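The values are calculated or read from the model by the stated rules, or taken from the named source; none is laboratory data. Being a predicted model, the structure only gives us computed values, none of them experimental. Here Cβ is always computed from backbone atoms with ideal geometry, including for glycine, and neighbour counts include all displayed protein chains.
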């Protein structure tokens, strides 16, 4: 989102990396999944623009509808209900989005299943509140937050809802593995290692972005403990730097 726009407050930055393996250490993905897609203009970036545009309320309603479509079909195919899940993890561009989707399914339900799912949703929101919108990575940051802060145990089933505007949704399921904590790393330690910047510094960094500009750009951004950095753009090519070669 652009500076001083309505969506800017949700904005974050980051990425989540994972290994897909036949012998998973964190989640074993079950074979049944459901994808649903439809041509929807809820969030888009015009060809002339560097920042995205969004119809926020409409996008939220589409998100909820896609979750319900995927979840209903999943139940038909797999035969599982909410009582069979320890937690549901959501794509969280902002944390209330997942809450709206879960509540759309729970309604007035106030039993032990609903209490468990609500509590674990709150755990999954924790890191996302600290980081903001990771876009594609939001689901997996929420999953890491759930596994770090939530009440889940090996052998339990976790549902995951992925969403992308335009639009596509997918619901898939994983079984939590023994010793899953060893495959996660320390999320809180990673978040604590970040460097805080002021509003003025953030706006300056934002205005340095490469975007669709042709001009050469050199970034003076501190490395913040990272070895490889994007140093800028020269002759229409991204310039990367290995800081270890300077030592």
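Which residue out of 174, 164 is within 15 Å of residue 93 (Cβ to Cβ) and either in the same structural domain as residue 39 (by TED's automatic domain parsing) or surrounded by fewer than 21 Cβ atoms within 10 Å (Cβ to Cβ) (or both)?
Just one listed residue meets the conditions, 164.
The residues of the range 124-134 that are in a helix (DSSP H, G or I) and crowded, with 17+ Cβ neighbours inside 10 Å, listed by number, are 124, 125, 126, 127, 128, 131.
Among residues that are within 30 Å of residue 84 (Cα to Cα), surrounded by fewer than 17 Cβ atoms within 10 Å (Cβ to Cβ) and over 22 Å from the mean Cα position of the chain (by Cα), residue 183 is not included. Condition first: without any contact (Cβ under 8 Å) to a residue 60 or more places away in the chain and outside any loop (DSSP other than H, G, I, E, B). Now tell me which residues in the range 50-72 satisfy that. Correct list: 53, 56, 57, 58, 60, 61, 64, 65, 68, 72. Among the residues of the range 39-49, just one is surrounded by 16 or more Cβ atoms within 10 Å (Cβ to Cβ) and assigned to a strand (DSSP E or B), namely 43.
Candidates 139, 121, 92: the one that is part of a loop (DSSP other than H, G, I, E, B) and either under 19 Å from residue 173 (Cβ atoms) or not assigned by TED's automatic domain parsing to the domain that holds residue 26 (or both) is 92. Restricted to the range 77-102, and to residues there that are closer than 23 Å to residue 35 by Cβ and free of Cβ contacts under 8 Å to residues at least 12 places away in the same chain, the residue that is farthest from the chain's Cα centre (by Cα) is 79. On the stretch given as the range 1-38, residues that are surrounded by fewer than 16 Cβ atoms within 10 Å (Cβ to Cβ), touching a residue at least 60 places away in the same chain (Cβ under 8 Å) and more than 30 Å from residue 182 (Cα to Cα) total 4. If the condition is being out of contact with any strand residue (DSSP E or B) (no Cβ under 7 Å at 6 or more places or on another chain) and touching a residue at least 60 places away in the same chain (Cβ under 8 Å), then the range 169-206 contributes 179, 180, 182, 183, 184, 187, 191, 203, 206.
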